[in-house]
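Each remark here refers to the structure printed beneath this line.
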There are 2 protein chains.
Amino acid sequence: MSEQRKRSPEATIRRLPARAHYERGTIDAILDEGLVAHVGFVDDGRPLVIPMVYARDGERILLHGSPQSRVCQVLCEGGSVTVTVTLVDGLVLARSAAHHSMNYRSVVAFGTGVELTDAGEKEAAFRRIVEHVVPGRYADCRVPNAKDFETTTVIAIEVSDVSAKVRTGGPIDERPDYDTPHWAGVLPLTLAWDAPRADEHLADGIDVPNYLRGYGRGAR
Amino acid sequence: MSEQRKRSPEATIRRLPARAHYERGTIDAILDEGLVAHVGFVDDGRPLVIPMVYARDGERILLHGSPQSRVCQVLCEGGSVTVTVTLVDGLVLARSAAHHSMNYRSVVAFGTGVELTDAGEKEAAFRRIVEHVVPGRYADCRVPNAKDFETTTVIAIEVSDVSAKVRTGGPIDERPDYDTPHWAGVLPLTLAWDAPRADEHLADGIDVPNYLRGYGRGAR
């Protein structure tokens, strides 16, 4: 593992270490395929977890939100944060109830936030977030203006520890259970998209853009 | 809102309150459709977020894991927890970069865990978790035995505060942006499943069960 990441004891996966991955390529591919991150922070001693759109920027993770939101306030004050991205690839049906599982790919990244205040940096972050969700879109929308920057906090998470966890393959049952009459295998799950639905106020003559017709996530 | 939930100030959604829902029916439907929860807890002052399979049991949420896992240890010690379930329904493309959004349904539930140790309660929890993921499956698998109970911690989250957040519909742009030439609308997203793949060790003559052929989540 020549690309293995430095990691603290906290970031070393203790449970099912065979599923753990620390290579940058594995981590980046999961972060780039996901759409929503679950962002955890501590607010008055309580753990909070909220779904947020994000984008990867090298080894950093970009988030944005309202300046009034609790997550932005905590992160701008330097509070620590966990960003978790999970892709579910299948349901694993074992012969025994206890060995049912899921095939999934997840990344857990720990770090702290820093607010981006420079207009150039903020615009680059907007671009990365829009392009993360819909590649090709940023060149086909009205770019952020001064008011947009004012009403949006942009935060870069400097990641200190990151790891991925991946489960693939079929069920693993206990020896005697292979003789039971129960079906076993995997139900593959994927994210799918339907035809784009135009806004009711869309002006005549604006066609569905090519970057939406060919939309897809990851290499699946 | 006759079914409105009691809630503390912490659980009252401050951002975009028009998207907030506190009715039990809305909350239950989201929890019942989701497959994976993102579970947040505090470990040595750090916020951790991990993906876990779950099930709803009335107003409680059931989790399970290895007795050695940090999440089980923290929850068995009475640590507070947030369970967040998010369903992504579509990408919302606005004419301006800043007004891009997602259609989604999410539940954020705060509470504390209690370990279930009674064998009957544990089996009922196994049943609920298996049935949550694949309705109809529990009657068609080998039920948990004493060893399974020993190697699995089952936790019930007693939820003290819970709320849902839902965004639907098309983009909302600023007045001047409606005259720009950019396509606007929604790209609907759904979870999809492919044909079940039998385990390579499956004995001859065991067909794909009907509960898998007709698999589906929620009312979509």
Legend entry - Residues within segment B:120-162 that are more than 15 Å from B:Arg56 (Cβ to Cβ), touching a helix residue (DSSP H, G or I) at 6+ places or on another chain (Cβ under 6 Å) and of a type outside the set (Phe, Trp, Tyr), tallied: 10
Legend entry - Lone qualifier among B:Leu116, B:Leu63 - being under 14 Å from the mean Cα position of the chain (by Cα), more than 11 Å from chain A (Cβ to nearest Cβ) and either surrounded by fewer than 21 Cβ atoms within 10 Å (Cβ to Cβ) or not hydroxyl-bearing (Ser, Thr, Tyr) (or both): B:Leu63
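Of everything in segment A:69-84 that's more than 7 Å from chain B (Cβ to nearest Cβ) and of a type outside the set (Val, Ile, Thr), which residue is most open to solvent (accessible area, probe 1.4 Å)?
Among those residues, the one meeting the criterion is A:Glu77.
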Legend entry - Positions within segment B:105-119 being of a type in the set (A, V, I, L, M, F, W, C) and part of a strand (DSSP E or B), in sequence order: B:Val107, B:Val108, B:Ala109, B:Phe110, B:Val114, B:Leu116
Inset, instruction - Taking the residues in segment B:85-99 that are open to solvent by 20 Å² or more (accessible area, probe 1.4 Å) and more than 22 Å from A:Thr86 (Cβ to Cβ) as candidates, determine which candidate is nearest to the other protein chains (Cβ to nearest Cβ). - result: B:Ala98
Inset, instruction - Output the residues belonging to segment B:177-195 that are in a strand (DSSP E or B), surrounded by 16 or more Cβ atoms within 10 Å (Cβ to Cβ) and among the hydrophobic types (A, V, I, L, M, F, W, C). - result: B:Val186, B:Leu187, B:Leu189, B:Leu191, B:Trp193
Legend entry - Cβ pairs under 9 Å, 6+ apart, first in segment B:30-45 and within 8 Å of chain A (Cβ to nearest Cβ) and surrounded by fewer than 22 Cβ atoms within 10 Å (Cβ to Cβ), second assigned to a strand (DSSP E or B) and of a type in the set (Phe, Trp, Tyr): B:Leu35/B:Tyr54; B:Val36/A:Tyr104; B:Val36/B:Tyr54
Inset, instruction - Answer yes or no: is there a residue in segment B:157-167 that is within 30 Å of B:Leu16 (Cβ to Cβ) and facing another protein chain (nearest Cβ under 9 Å). - result: yes
Legend entry - All positions within segment A:127-148 that are in contact with an Asp or Glu (Cβ under 8 Å, 6 or more places away or on another chain) and open to solvent by less than 50 Å² (accessible area, probe 1.4 Å): A:His132, A:Arg137, A:Tyr138, A:Arg142, A:Pro144
Legend entry - Residue within segment A:163-184 that is closer than 28 Å to A:Leu62 by Cβ and at pLDDT below 95 present: no
Legend entry - segment B:173-219 - residue that is more than 9 Å from chain A (Cβ to nearest Cβ) and touching a residue at least 60 places away in the same chain (Cβ under 8 Å) and, of those, farthest from A:Lys147 (Cα to Cα): B:Asn210
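Any residue at all in segment A:165-172 that is within 21 Å of A:Val39 (Cβ to Cβ) and either open to solvent by less than 30 Å² (accessible area, probe 1.4 Å) or under 24 Å from the mean Cα position of the chain (by Cα) (or both)? Reasoning before the result, please.
Step one: of segment A:165-172, the residues within 21 Å of A:Val39 (Cβ to Cβ) are A:165.
Keeping just the survivors that are either open to solvent by less than 30 Å² (accessible area, probe 1.4 Å) or under 24 Å from the mean Cα position of the chain (by Cα) (or both) gives A:165.
Yes, segment A:165-172 contains a residue that is within 21 Å of A:Val39 (Cβ to Cβ) and either open to solvent by less than 30 Å² (accessible area, probe 1.4 Å) or under 24 Å from the mean Cα position of the chain (by Cα) (or both).
Tell me yes or no: at least one residue of segment A:154-162 is in contact with a Pro (Cβ under 8 Å, 6 or more places away or on another chain), open to solvent by 10 Å² or more (accessible area, probe 1.4 Å) and β-branched (Val, Ile, Thr).
Checked segment A:154-162: no residue is in contact with a Pro (Cβ under 8 Å, 6 or more places away or on another chain), open to solvent by 10 Å² or more (accessible area, probe 1.4 Å) and β-branched (Val, Ile, Thr).
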Legend entry - Positions within segment B:77-123 being farther than 23 Å from B:Gly40 by Cα and without any contact (Cβ under 8 Å) to a residue 40 or more places away in the chain, in sequence order: B:Ala97, B:Ala98, B:Asp118, B:Ala119, B:Gly120, B:Glu121, B:Glu123
Inset, instruction - Taking the residues in segment A:100-113 that are of a type in the set (Val, Ile, Thr) and open to solvent by 10 Å² or more (accessible area, probe 1.4 Å) as candidates, determine which candidate is farthest from the other protein chains (Cβ to nearest Cβ). - result: A:Thr112
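The values are calculated or read from the model by the stated rules, or taken from the named source; none is laboratory data. This one's a predicted model, so the numbers in the text were calculated from it and none came from an experiment. FYI the Cβ positions are ideal-geometry reconstructions off the backbone, even for glycines, and counts take in every protein chain you see. Note: areas computed on protein heavy atoms with side chains; ligands, DNA, RNA excluded. Shrake-Rupley method; radii C 1.70, N 1.55, O 1.52, S 1.80 Å.
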